[in-house]
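*Asks:* Quick one: the structure is below, and I'll ask about it shortly.
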Amino acid sequence: VSGNTVAINVQEPGNYEYSINGIHFQESNLFTNVASGEYLVFVRNECGESTQVIFVLDYPKFFTPNGDGINDFYSPTIKNVPDWEVTILNRWGNEITTLNEYSPTWNGKINDNWASEGVYFYHLKSSDVNFESHGFFHLVK
């Protein structure tokens, strides 16, 4: 489904067990192949249990807007993040376009001209929950 890895970090040293959604607890704080979505993370030890909501997102690492029908659009998979907005920036920090749930893809054009090949950056935020994420992707021609 996806290649996302979730690492649960704890500030205090000790022996902990970890779980996503409280179903299966394990000693490792790493969870692999986690699909995008909202999860409730559990951390427990002999002193008790703590929970926190996390969001796991899938972002394409590259896209190729060349009209071949494969990866022609930049389209992050964002589930269970209410009222989200992704701003796409070029390497100089200039805003290229904004994506949201009503306009969730970018075709690789800037003012009807094809964008240059290279690295672009994204910044995701949600006004409904205190959540932000950022990273980069490649436009390949």
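*Asks:* With Rg/Rh (Cα atoms, Kirkwood Rh) in mind, check (i) 1.07; (ii) 0.95; (iii) 1.04 and report the label derived from this structure.
*Replies:* Of the labelled values, this structure produces (i).
*Asks:* A further question follows. Take THR105 and LEU40, extend 7 Å from each Cα along the Cα→Cβ direction, and tell me the distance between the two endpoints in nm.
*Replies:* Here the answer is 3.5 nm between the modelled labels.
*Asks:* Run the reach check for LYS141 against lysines, Cα to Cα strictly under 23 Å, same-chain hits fewer than 8 apart removed. What comes back?
*Replies:* LYS61, LYS109
*Asks:* Under 17 Å Cα to Cα from LYS79, which aspartates and glutamates show up? Leave out anything in the same chain fewer than 8 places away.
*Replies:* GLU38, ASP58, GLU101, ASP128, GLU132
*Asks:* Ok, one more. Mind giving me the FRET efficiency for CYS47 and ASN80? R0 is 25 Å, r the Cβ-Cβ distance, nearest 0.05 is fine.
*Replies:* Efficiency, from the Cβ-Cβ distance: 0.25.
Where a number appears in this text, it was derived from the coordinates with a stated rule and is not lab data. These figures come from a predicted structure and were not determined experimentally. Because the Cβ atoms are built from the backbone with ideal geometry, glycine has one as well, and the counts that use them run over all protein chains shown.
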